[in-house]
Amino acid sequence: MAELATIARPYAEALFKTATSDLEGTSAWLDELAAIASNVQLQQYAGNPSVTSAQTFDVISGVAKSKLPEAAKNFLRAVIDNGRISVLPEIAGQFRVLKNAKSGSSDATVYSAFALDGAALADLAATLEKRFGRKLNLKVELEPELIGGVRVVVGDEVLDTSVKARLEQMKAALIS
């Protein structure tokens, strides 16, 4: 994966430098393009030698849910012309890291056994921001096998307060 990161870094840095006035908007359309580009069938289509760059651009821009701004279209054309469609998800990830570093925040994934309503999520966000000492951009994913509680992943840090983790701890204590 180091190769993808190496290829993606200049694109992410250049995009970050040019998008300093609208980081949120750029991040939104870049995430959308990355989601589209991660489709295996699209990558096969784009890799077909008989398909032109213009055709690939038309397919991707046609699939996009929102209207792409001119900067997004130019960026997408550059990525397609250089044959880097498969690197778009990594570019988006590195762009997010740069954006978070500038704003002093981090992306966090909350795995929960049950759906969290707005108030519970707001309370959890406040508690987690205190615990990790920085602003967090929360994304919630359901994971029923946790039984209850939550598991939070922030970068390489993990906070696991799930019932499943507690049961595993009890099992380890009983066995030893």
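Applying 1/(1 + (r/R0)^6) with r as the Cβ-Cβ distance of residue 81 and residue 7 and R0 = 25 angstrom yields a FRET efficiency of 0.95. Bridging of residue 99 to lysines at a Cα separation below 27 Å is possible for 17, 65, 67, 73, 130, 135, 139, once same-chain residues fewer than 8 apart are set aside.
What net charge do the residues around residue 46 carry, taking every other residue with its C-beta under 15 Å from that of residue 46, with Lys and Arg at +1 and Asp and Glu at -1? Write down the numbers at each step before the final one.
Numbers: positive: 77, 84; negative: 58, 81.
Around residue 46, the charge tally is 0.
Applying a DSSP loop filter and a limit of 16 other Cβ atoms within 10 Å to the trypsin sites (Lys or Arg not before Pro) in the range 78-156 leaves 134. Extending 7 Å from Cα along the Cβ direction at residue 129 and again at residue 170 yields two label points whose distance is 3.5 nm.
Hey, quick one: spin label on residue 20, modelled 7 Å out along Cα-Cβ, who in the range 73-97 has an amide N within reach, i.e. under 19 Å? Those under the cut-off are 95-97. All other residues whose Cβ lies under 13 angstrom from that of residue 141 are scored, Lys and Arg at +1 and Asp and Glu at -1, for a net of -1.
Charging the Cβ of each Asp and Glu at -1 and of each Lys and Arg at +1, and nothing else, the dipole of the range 1-109 about its Cα centre rounds to 100 debye.
The simple spin-label model puts a point 7 Å past each Cα toward its Cβ; for residue 103 and residue 64 those points are separated by 2.0 nm.
Only the coordinates and a few stated rules stand behind these numbers; no lab work does. Computed from a predicted model, the values in this text were never measured in an experiment. Backbone-built Cβ (ideal geometry, glycine too); neighbour counts: all protein chains shown.
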